[in-house]
1. Confirm whether A3 is more than 16 Å from I104 (Cα to Cα) and modelled with pLDDT of 95 or more.
2. Can you name the number of the only condition in (1) away from ligand 1 (no atom under 13 Å from the Cβ); (2) without any contact (Cβ under 8 Å) to a residue 12 or more places away in the chain; (3) assigned to a loop (DSSP other than H, G, I, E, B); (4) not hydrophobic (A, V, I, L, M, F, W, C) that E212 fails?
3. Residue by residue through region 141-166, note down the ones that are within 22 Å of D94 (Cβ to Cβ) and not small (G, A, S).
4. Condition test on A238, is it surrounded by fewer than 19 Cβ atoms within 10 Å (Cβ to Cβ) and within 8 Å of ligand 1 (Cβ to nearest atom)?
5. Quick check on my filter: what residues within region 159-200 are closer than 19 Å to A214 by Cα, assigned to a loop (DSSP other than H, G, I, E, B) and either within 16 Å of ligand 1 (Cβ to nearest atom) or hydroxyl-bearing (S, T, Y) (or both)?
6. Among the small types (G, A, S), under 22 Å from the mean Cα position of the chain (by Cα) and assigned to a helix (DSSP H, G or I): is that true of G85 in this structure?
7. Specify the residue that is nearest to ligand 2 (Cβ to nearest atom); the eligible residues are those in region 37-67 that are part of a strand (DSSP E or B), aliphatic (A, V, I, L, M) and in contact with a strand residue (DSSP E or B) (Cβ under 6 Å, 6 or more places away or on another chain).
8. Suppose we keep only residues that are more than 16 Å from ligand 1 (Cβ to nearest atom) and in a loop (DSSP other than H, G, I, E, B) within region 143-158. Which one would you say is surrounded by the most Cβ atoms within 10 Å (Cβ to Cβ)?
Amino acid sequence: MTAERDLDILVIGELNPDVIVSDPDPVPAFGEVERLVGSIHLTVGSSSAIFACGAARLGLNVAFFGVVGDDAFGRFVLEALRGRGIDVSTVLVDPRLPTGASVILTSGRDRAILTALGTIAAMDVDLVPAALLARARHLHSGCFYMQETSRSRLPAFFASARARGITTSFDTNWDPTGAWDGGVRDMLRASDVFFPNAAEARLISGVADVEEAARALARIGAEGRTDGGPVIAVKLGAEGALACSAGGPVIRVQALPADPVDTTGAGDSFNAGFLRAWLDGADLAGSLRYGAVCGALSTRALGGVDAQPTRDEVAAALTSNTGAATDGTD
Ligand SMILES: Nc1ncnc2c1ncn2[C@@H]1O[C@H](COP(=O)(O)OP(=O)(O)OP(=O)(O)O)[C@@H](O)[C@H]1O
Ligand SMILES: [Mg+2]
């Protein structure tokens, strides 16, 4: 590791705000009807930005590369990330596009999401400053399927980062096209950790059983590699999480018991927690347990970022829940 690697994680991806409309019955009524709702809240949205905030909250030194528009939403997310200590100095401002945004209607039990893409798909890996990448220990890409501009070039970008000694991870989230490919296999071969949820793992691998799906993804990622290939860490919501790499056992951890206010971004907070532990040298079970606690604690407030835990909060939860988040292998 070279002395100038002062960044723990460089995040590349989308950044946009979420407008959260919260009410027991948040369903709008057409016909120009005005309904009153409990609250409307503006916060940091987008998988990549929520991940970055979670990692920074856990004490990691994080920089973000992406694109916003020259507008109030763009300035809001940049200021929010800056306020959390994230280096956004190389985020590009594109005056030709509006910053993307989501409106989330949530009842607590269910939610509906309306998204305007704007800058969300605009991040281009060819524009990542070489000097920024050179400072990073680890590179993370969120929301692979939304990265329309440079998705086809991401695997080669990851491979070149790994060739320089930078570890890599990615999360696809849902594929809005329903194709469930888009080069994910090439990404697996160029990654150290992949973070699907159960549905995504099944759909990408084409295997119905989630443990077998994880094993299949690990085998694909290990093709042509001598280092054992990537860890596949699969998020299972209230069921916790599991992980494996090619040739190793599947390791499971239970969820930390929670009474969620809002599960938005729990997966991204899990990713941040897993990587905090993994980059510190924790084993697979320890990394999974740390991620699962971060995911559960992040559900304590509306939106993705407001309840993300500090390391002290994770330590306290791990201590007081020795019965929970136990692991098992098979
Ligand atoms: N209801 C819950 N109770 C306890 N823990 C939870 C709950 N929901 C999520 N978690 C924790 O957070 C982790 C990630 O959540 P989830 O499985 O929902 O990820 P995801 O589907 O990728 O989410 P996202 O909506 O952010 O993409 C889970 O593995 C689990 O450890
Ligand atoms: Mg997810």
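The values are calculated or read from the model by the stated rules, or taken from the named source; none is laboratory data. Because the structure is predicted, anything quoted here is derived from the model rather than measured. With ideal geometry, Cβ positions are generated from the backbone for all residues, glycine too; neighbour counts draw on all protein chains shown.
1. no
2. Going through (1) away from ligand 1 (no atom under 13 Å from the Cβ); (2) without any contact (Cβ under 8 Å) to a residue 12 or more places away in the chain; (3) assigned to a loop (DSSP other than H, G, I, E, B); (4) not hydrophobic (A, V, I, L, M, F, W, C) one by one, E212 breaks only (3).
3. Those that are within 22 Å of D94 (Cβ to Cβ) and not small (G, A, S): C143, F144, Y145, M146, Q147, E148, T149, R151, R153, L154, F157.
4. Answer is yes for this residue.
5. Once the filter is applied, which keeps residues that are closer than 19 Å to A214 by Cα, assigned to a loop (DSSP other than H, G, I, E, B) and either within 16 Å of ligand 1 (Cβ to nearest atom) or hydroxyl-bearing (S, T, Y) (or both), region 159-200 yields D171, T172, N173, W174, D175, W180, S191, F195, P196.
6. Answer is no for this residue.
7. V62
8. Checking each candidate, the answer is S150.
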